[in-house]
Amino acid sequence: MAVNEKVLDLANHISRKKRGSKNEIKATDPEYLILEPVVTDGMAEVAMCMEIRKKYTAAELAPACGKTLEDTTKLLLDLAMAGVCFVNEINGVDTFWYDTWVPGIMEMMVNNKENVAKYPQIARAFEAYGRVRGPKTTGAFPVGVGLMRVIPIEKSIDGETRKVSYEEVSKYLNENTIFTVSDCSCRTAREVMGEGCGHLKEDMCIQMGHAAEYYIRTGRGREITREEAFEIIQRAEENGLMHQIPNLDGSGHTHAICNCCGCSCLSLRTASMFKNVDMVRSNYVSHVDKEKCVACGECVETCPVNALKLGQKLCSTEPVAKKRVETPRDMDWGPERWNTEYRTNRLDVADSGTSPCKTECPAHIAIQGYIKLAAQGRYKEALELIKHENPFPAVCGRICPRKCESACTRGDIDEPLAIDEIKKFIAEQDLLQENRYIPKKKNDYTKRIAVIGAGPAGLSCAFYLAIEGYKVTVFEKENALGGMLTLGIPSFRLEKSVVNAEIEVLRELGIEFKTGIEVGKDVTLQELRAQGYSAFYLAIGAQAGRKLGIEGEDAEGVISGVDFVRNINLGKEIALKGNVVVIGGGNVAIDVARSAVRVGASQVSLFCLESRKDMPALEEEVEEAEAEDIQINNSWGPKRILTENGKVTGVEFKKCISTFDSTGRFNPSYDENEVRIIPASAVLLSIGQSIDWGSLTENSSIELNPNRTIKLNPFTYQTGEEDVFAGGDAYTGPRFAIDAIAAGKQGAISIHRYVQPGQSLVIGRDRREYHSFDKSALDLGSYDRQPRQKAVHAEPAKTATIFLDPRLTFTEDQVKKETERCLSCGATVVDEFQCVGCGSCTTKCKFEAITLVRTYDGEGVAFEDLKPVVVKQMLKRKGKIAIRKAIDVFSKE
């Protein structure tokens, strides 16, 4: 493409460069590329007669550029519409001037939606500018005088006695009288490039004063009231965003407030990518009170620049190693020190690790957090914290595998904390309330999403999509909601009233349920697309039983355990008698055996391949089965099922020798000479579950694995059909409800990104990679032994004939005593240099454990006064680098 020399001249003029000089702007540079599509020769000629930040009327410029007043006026208005210069009416006359590239011209050009849609290179050039020019500013600006500046969330500095008015958002809103709101230019650029982070651009940036007048005049923004501006600020803060202002209007002055995210903001990129934090930071730094901090992780997730990470609070026998902090303040800072992948490699956990409970929980729930809230009697806040990751705490309080408890550090002293019982109590308080906790919706989108399957994965996905603001419909082929929660788990473990109560919250969120509809059979995905559904989440579960592949298993009286429990839960008349054999060693097999006792079996015997210590079932559940006189027979595998006249009469078992292969996978061998024959009137098979896709995936690009699980991207949960996502047992095979719940939330995150234009499924997304600290290095000798609280159980003799849950909930007194046993293992750690002092972390903390402390005293300067300040800083930095190098050389000698 031919170079427009006049536009190139203008790019150099605005940049204050000379054509032909060493640092001239070239036709490949972003300054030229952003102007090239929309600036004509005539526009360039007029703009060349202007100087930065100097105001002109058309009458003043016309003689200088050799054009008529009429032509000059038109060309100036064209420049204003394009975004190259401001226009305001001053003293009744249109007055024009241009500002710096950034903040200024480039943002204004990107805010011309029509031009950006027609010429995407405008957005790409804006993104490139900071990436190309940013490294040259590293270390050159002292705190407070960067081109953009972070302004703390105001309530985060309410208690700071040294704060000054220019550090308060309200000052800028209260001293102006005219306001507009526009799309975020940074997120617009990212969206055009297909690199959106899920934070959407609409109605994000507030303009004031002359900028608002310009935005109204050129149609870039919508005029709003001061009250609406405050509401936008509040909504931004609630959604985890922080504030920045253009910082070249002089101390205490600005013309805009940006509500920013760290994953798309091109100003914050300076801090995250180049570690040039001083260029944008406020005067504040986050400080954590470790005694108050409970490592809930809310602050970590909201930090825009990854300055916060979850770490360790407990003392170790050896000090936790700390890395030497290297910064551009006193070091040469080249590409080898940049973090170019900062949008995809952010970390949640410090190198030394954090709390085992949060790490091992599949949903990474803030366990320490809700335990502390429960200890303080703040049950509703505890429930809210749990529901950030798990919509069904009452359900999980009854059926969770308690991986958190298995990893609990308290177990290294005496017994693990009764985490699940505490969670169950918290959820119970909500179930008993007349006004249930209903999460606040963030947005109100018109897009419709279809969830296929009303089990834990599907319901979780629907819950988080509804909170995000989508219209969600859940299709379920059964007439009951809840999937395996309702149909696959007996009521003596999970009463259906509990499941229904938690599903009722989803109804309150506006989620629509359609039962008795099998997608693929009654309606196809293509037909649902035609009805206006924008994306799909497949969560059909593993709802079918599996066969053994041995002689006699097709005989009458051999029943899938999954079907057996489902029929009981559906209210069908099921009656057993005589001796019943259950084959399987997992929690489902235990449920099947205990259900058999309740429908008439006179004797129930459970046989499994594993030894007692290797049984997949939880020890507590095995003990509950034994308390109901169920015989547990370990290390026996079925050889054949005995029949007579097509009916089962017994099972022949062979001795199993439990062994594990090099990967830790169970790999049994058998002694064919040691056999047992067990008489049986019925055999219930509980050896796993399979997935029945029906015709759901027909005529699609969706692929299945040999075991019938669905193929998908393990991070984004996207299938071979780009608008179809999946999760839960349909992807992993049979697992626990909490695994499916975690997958449902991740599916919702991906769907939100997919249905919005220009959003990446991976950029700016929390990878949720957790690891525990080294428990073997902890110093636990000083802790008292306190007995674990036990939930009261009704007597087995009174409950073995009924389908009611015999397990009672903790009393409030038990909760108080049990929460005192928590060691509060983890705490947030702060990289004080990386922190930009936005205060977003403080708004998420429920314990006043993190505060902003005024650490610097930097004050903004006007553009006209900037050069000597920067020169002085560069000279100081040069000296510091020399001293640092000398010290390093000396220390090596």
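A straight Cα-to-Cα reach below 16 Å connects Lys155 with the aspartates and glutamates Glu167, Glu168, Glu231, Glu237, Glu238, Glu848, residues fewer than 8 places away in its own chain not being considered.
Between Ala777 and Asn479, what FRET efficiency follows from the Cβ-Cβ distance if R0 is 56 Å, with the result rounded to 0.05? Intermediate results must be reported in sequence, preceding the final value.
On the way: r = 55 Å, r/R0 = 0.97.
Taking R0 as 56 Å, the efficiency between Ala777 and Asn479 is 0.55.
For Thr855, the solvent-accessible surface with a 1.4 Å probe is about 70 Å², rounded to the nearest 10.
Within the accessible area of the chain, the carbon and sulfur atoms contribute 49%, probe 1.4 Å, all protein chains present. Any chance you could look up the accessible area of Val325 with a 1.4 Å probe, heavy atoms only, rounded to 10 Å²? Approximately 80 Å² for this residue.
Label positions at Val762 and Ser701, each projected 7 Å from the Cα along the C-beta direction, are separated by 1.7 nm. The loop-placed trypsin sites (Lys or Arg not before Pro) in region 601-695, going by DSSP, that have at most 14 neighbouring Cβ atoms within 10 Å of their Cβ come out as Arg665. Among the listed values (i) 11, 24, 22, 16, 11, 8, 5, 2, 0; (ii) 11, 26, 25, 19, 13, 5, 1, 0; (iii) 13, 38, 30, 14, 4, 0, the one computed from these coordinates for P(r) over Cα pairs in 20 Å bins from 0, in percent is (iii). Maximal additional length on extending the Ala59-Leu875 stretch stands at 289.4 nm, based on 0.36 nm per residue less the C-alpha distance. Stretching the chain fully between Val675 and Glu223 yields a gain of 154.3 nm (0.36 nm per residue, less the alpha carbon separation).
Solvent-accessible surface of protein heavy atoms, probed at 1.4 angstrom with all chains present, puts His199, His364 in the order His199, His364, largest first. Solvent-accessible surface of region 127-239, averaged per residue with a 1.4 angstrom probe and all protein chains in place: 38 square angstrom.
Whole number in Å², please: accessible area per residue of region 347-463, 1.4 Å probe, ligands, DNA and RNA not counted. Can you show the working numbers first?
Details: 3620 Å² over 117 residues.
That works out to 31 Å² for each residue.
Of Ser497, Ser406, Ser355, Ser611, which has the most accessible area and how do the rest follow, probe 1.4 Å?
Numbers: Ser497 80, Ser406 100, Ser355 5, Ser611 25 Å².
Output order, biggest surface exposure first: Ser406, Ser497, Ser611, Ser355.
Going by accessible surface with a 1.4 Å probe and the largest first, Ile157, Ile568 read Ile568, Ile157. Over the chain, DSSP H runs of length four or greater, each weighted -39,500 (n - 2.57), average out per residue to a 222 nm ellipticity of -9500 deg cm²/dmol. By DSSP, the beta bridges lying fully in the chain are antiparallel in about 60 percent of cases. Annotation for Trp97 and Gln376: the two label points, set 7 Å from Cα along the Cα-Cβ direction, are 4.9 nm apart.
Could you list, in their original order, any pairs among Lys358/Lys846; Lys403/Lys613; Lys358/Lys745 whose Cα atoms are separated by more than 22 Å? Present the calculation step by step, with values, prior to reporting the outcome.
On the way: Lys358/Lys846 17 Å; Lys403/Lys613 17 Å; Lys358/Lys745 17 Å.
Over 22 Å Cα-Cα: none of the listed pairs.
Of the chymotrypsin sites (Phe, Trp or Tyr not before Pro) in region 142-210, which ones lie in a loop per DSSP and count no more than 15 other C-beta atoms within 10 Å?
On the way: sites: Tyr166, Tyr172, Phe179; in loops: none.
Counting only loop positions with at most 15 other Cβ atoms within 10 Å, none of the chymotrypsin sites (Phe, Trp or Tyr not before Pro) in region 142-210 qualifies.
Once fully extended, how much extra length lies between Glu336 and Leu804, figured as 0.36 nm per residue of separation less the alpha-carbon to alpha-carbon distance?
Working: separation 468, 0.36 × 468 = 168.48 nm, distance 6.34 nm.
Contour length minus the Cα-Cα distance gives 162.1 nm.
Note on region 711-827: percent of Cα-Cα distances in each 5 Å bin, starting at 0 and stopping at the bin with the largest distance, equals 2, 8, 12, 11, 10, 11, 12, 12, 12, 8, 3, 1, 0. Label point of Gln531 set 7 angstrom out along Cα-Cβ; within region 689-727, amide nitrogens under 18 Å from it belong to 695-698, 723-725. In the assembled protein chains, Ser460 presents an accessible area of approximately 0 Å² (probe radius 1.4 Å).
The values are calculated or read from the model by the stated rules, or taken from the named source; none is laboratory data. Since this is a predicted model, take the numbers as computed values, not measurements. Positions of Cβ are backbone-derived with ideal geometry, glycine not excepted, and every protein chain shown enters the neighbour counts. Keep in mind that these areas ignore ligands, DNA and RNA; they rest on the heavy atoms of the full protein, side chains included. Shrake-Rupley method; radii C 1.70, N 1.55, O 1.52, S 1.80 Å.
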